[in-house]
Amino acid sequence: MTTEVFGKHKWGMVVDVDRCTGCQACVLACQVENNVPLNTQERYERARGMAWIRVERYWEGEFPDVKARFIPILCQHCENAPCEPVCPVFATYHNPEGMNVQIYNRCVGTRYCANGCPYIVRFFNYWEPVWPESFRNHLNPDVTVRSRGIMEKCSFCMQRIRRGVRNAAKENRELEDGEIQTACQQACPTDALVFGDIDPDNNRTNPGRAYSMINDDRAYTLLPRLNTDPNVIYLAKVDPDREGGAGGH
Amino acid sequence: MASLLEFIKEKHRTTPLWIKALAPVLLLGGLAVFAVTGAVTAFVITAWLGQPIPVLGFDQTVKQPIAFPHTIHAGTGLFPSTGLPGQFIDGLEMDCTFCHRTVTSQANAGVPPVALCSYCHKVIGPEENPELAKLRKAAGLTEEDPSPINWKRVHRLPDHVRFVHEPHIRYLTQHPSEIRNAAPGVNQLSEALPSQVCSTCHGDVASMLEVKQVEALKMGQCVDCHRENEAPTDCTVCHH
């Protein structure tokens with residue numbers, strides 16, 4: 001007999017920038033999985049486009065020796081999240097599983113959290129989400145459709161985590177590493193995104209894939225000077241031409 | 001009241017007649033406004049705290065396209081037929097999970113497909129029963145084209161709640177002492193059947209001719225039960 005244990009895991013993600021080709025499959029997968037409203041050119045022009053994960057592109061070098069660099073940016077699920085203490089209604093808080101969560105039915109839409117976020121991964125519903133008629137039956141029934149006036153962001157595919165934990169409890173076994181996949185990870189053709197338990201205590205006897213990657217030489221976090229302590233770890237690009245670039249690979 | 005009558009009957013005409021005529025109307029009007037406001041307030045407060053007062057169609061029952069009797073299918077004893085008034089049929093004591101098949105494995109309890117109904121009702125049930133005639137038409141057993149049955153939903157949670165039946169059934173079958181509104185003797189069992197735990201939230205459906213919502217199903221009830229049974233109470237367990 002097992003019941004669902006909550007707070008046993010600490011979820012995190014490793015993003016291998018070296019593997020990312022900038023194909024945007026994660027962006028699309030996330031949009032479909034999480035009922036993210038469709039964007040239009042006008043919304044992007046007003047800086048109100050919504051994408052829980054986005055692939056940022058940087059150009060490096062001068063023409064003709066120019067290189068495109070890609071980096072997927074999603075909610076970093078910071079341990080010291082700047083968005084959490086500013087919420088007046090506790091709609092965003094840190095849950096026992098190490099995730100920064102957004103509770104839609106508590107949110108009143110002050111947008112303080114989005115103003116505080118240094119990674120710009122929180123999105124405000126400026127409009128009532130409307131899908132074309134043909135899309136209506138494609139919405140994910142496990143995810144709430146957010147209405148106008150509330151904030152939303154990457155949830156690490158909470159519905160998939162809950163389903164995975166529930167299935168393990170149903171079959172009376174421990175959750176396996178890699179059993180829970182986020183939508184972006186599942187869609188990534190180069191396996192650049194790895195989701196898993198990154199709690200050291202849970203990885204002592206049988207280290208998971210994500211945990212074994214966060215101690216890599218290439219590991220870094222975004223904007224470390226802000227001391228947000230993200231749960232999303234990036235692995236640096238391997239570039240032999242680059243001066244001071246990560247060597248040894 | 002007496003002073004009001006005195007005021008109306010007074011002989012010396014200092015007060016105009018139209019004011020005298022209006023005074024009782026104003027008094028009754030004031031009382032009526034007071035009563036209506038009180039009734040509305042009572043309705044709002046009860047609806048806020050639990051089930052609203054059953055007036056104006058707020059009795060939590062829904063008119064189904066086919067008058068399906070849960071009593072005859074799941075109940076024990078003699079029950080009136082919904083299609084043929086005056087006839088009584090013995091309850092079949094069917095298990096809830098015979099029709100609501102996904103309740104022990106999935107989020108949704110599941111409404112059975114028409115094929116499951118017609119599996120029995122191809123043969124069982126008299127032809128003159130108008131409710132069964134509707135079912136046979138929907139199942140395509142008649143000359144007419146089959147059409148889906150638009151069953152109306154009775155228990156509806158808000159869109160921001162993700163309720164999953166499976167873990168609740170699993171826990172309550174293993175802990176029968178926590179089952180509420182249970183049939184006699186169920187709380188003392190060491191392990192309950194899935195169909196014996198439904199009453200915790202749905203009441204005794206087997207005795208309802210028209211299924212209605214008996215529990216308010218508010219978040220307070222969910223959280224109370226989760227706390228008593230040491231189930232997780234983190235927001236993300238239900239809201240995501």
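Where a number appears in this text, it was derived from the coordinates with a stated rule and is not lab data. Please read all numbers here as calculations on a predicted model, not as lab measurements. Reconstructed Cβ throughout: ideal geometry from the backbone, glycine too, with neighbour counts over all protein chains shown.
With springs connecting C-alpha atoms under 10 Å apart, model chain A as a Gaussian network and identify which of A:234, A:93, A:44 has the largest mean-square fluctuation.
Comparing A:234, A:93, A:44 in the GNM, the peak value goes to A:44.
Among B:18, B:151, A:11, A:52, rank each residue by its count of other Cβ atoms within 10 Å, from fewest to most, as a rough exposure measure.
B:18, B:151, A:11, A:52
Along the range A:213-227, what does the Karplus equation 6.51 cos²θ - 1.76 cosθ + 1.60 (θ = phi - 60°) give for ³J(HN,Hα), rounded to whole Hz, x for Gly and Pro?
So the J values, rounded to whole Hz, are 8, 6, 9, 5, 4, 7, 5, 8, 10, 7, 6, x, 5, 7, 6.
What is the mean number of Cβ atoms from other protein chains located within 10 Å of the Cβ atom of each residue in peptide B:163-176, rounded to a whole number?
Mean inter-chain Cβ contacts per residue within 10 Å come to 2.
Counting only Cα, what are the radius of gyration and maximum Cα-Cα distance Dmax of the range B:2-49, in Å?
Over the range B:2-49's Cα set, Rg and Dmax evaluate to 17.1, 55 Å.
In units of 2.2 N^0.38 Å, what is the alpha-carbon radius of gyration of the protein assembly as shown?
Expressed relative to 2.2 N^0.38 Å, the Cα Rg reads 1.32.
Please compute the Cα-Cα pair-distance distribution of the range B:165-238 with 10 Å bins starting at 0, giving whole percents from short to long.
Taking all Cα pairs of the range B:165-238, the binned fractions are 18, 50, 29, 3 percent.
The range A:57-145: which GluC sites (Glu not before Pro) are DSSP loop and have at most 12 other beta-carbon atoms within 10 angstrom?
Sparse-neighbourhood loop GluC sites (Glu not before Pro): A:62.
Per residue of A:133-145, what is the mean number of Cβ atoms on other protein chains within 10 angstrom of that residue's Cβ?
Shielding by partners across A:133-145 averages 1.
Quick one: grab the alpha carbon gyration tensor of the range A:11-235, order the square roots of its eigenvalues as a ≥ b ≥ c, and give me rounded if a/c is under 1.5, else prolate or oblate depending on whether a/b is larger than b/c.
Cα axes put the range A:11-235 in the rounded bin.
Using square roots of five times the C-alpha gyration tensor eigenvalues, list the equivalent-ellipsoid semi-axes of the range A:162-221 in whole Å, biggest first.
Computed over the range A:162-221, the values are 22, 17, 8 Å.
When ranked by the protection proxy of mean other Cβ atoms within 10 Å per residue, highest first, what sequence do the peptides A:207-217, A:166-176 form?
A:207-217, A:166-176
In debye, nearest 20: dipole of the range A:11-235 around its Cα centre with unit charges on the Cβ of K, R (+) and D, E (-)?
The dipole magnitude comes to about 820 debye.
Using θ = phi - 60° and the Karplus form 6.51 cos²θ - 1.76 cosθ + 1.60, what ³J(HN,Hα) does each residue of the range B:160-168 get, whole Hz, x for Gly and Pro?
Couplings: 8, 10, 10, 9, 10, 5, 3, x, 5 Hz.
Mind ordering B:132-140, A:146-154, B:20-28 by average Cβ neighbours within 10 Å, highest first?
Result, highest mean Cβ count within 10 Å first: A:146-154, B:132-140, B:20-28.
What percentages, rounded to whole numbers, describe P(r) for chain B computed over all alpha carbon pairs with 5 Å bin width beginning at zero?
Pair shares across the bins are 1, 5, 9, 13, 13, 12, 10, 8, 6, 4, 3, 3, 4, 4, 3, 2, 1, 0.
Spelling out what I want: for every residue of the range A:179-193, take phi, set θ = phi - 60°, compute 6.51 cos²θ - 1.76 cosθ + 1.60 (Karplus), and round to whole Hz; glycine and proline get x.
For the range A:179-193, the Karplus curve yields 6, 8, 10, 6, 4, 5, 5, 5, 7, 5, x, 9, 6, 7, 10 Hz.
When the helix-only estimate is applied to chain B (DSSP H runs of n ≥ 4, each -39,500 (n - 2.57), divided by the residue count), what is the mean residue ellipticity at 222 nm, nearest 500 deg cm²/dmol?
-11500 deg cm²/dmol
On average, how many beta carbons from a partner chain sit within 10 Å of the beta carbon of a residue in B:225-236?
Counting Cβ atoms of other protein chains within 10 Å of each residue's Cβ and averaging gives 4.
Given only helices, namely DSSP H runs of n ≥ 4 each adding -39500 (n - 2.57), what is the per-residue ellipticity at 222 nm of chain A, to the nearest 500 deg cm²/dmol?
The helix-only estimate for chain A comes to -4500 deg cm²/dmol at 222 nm.
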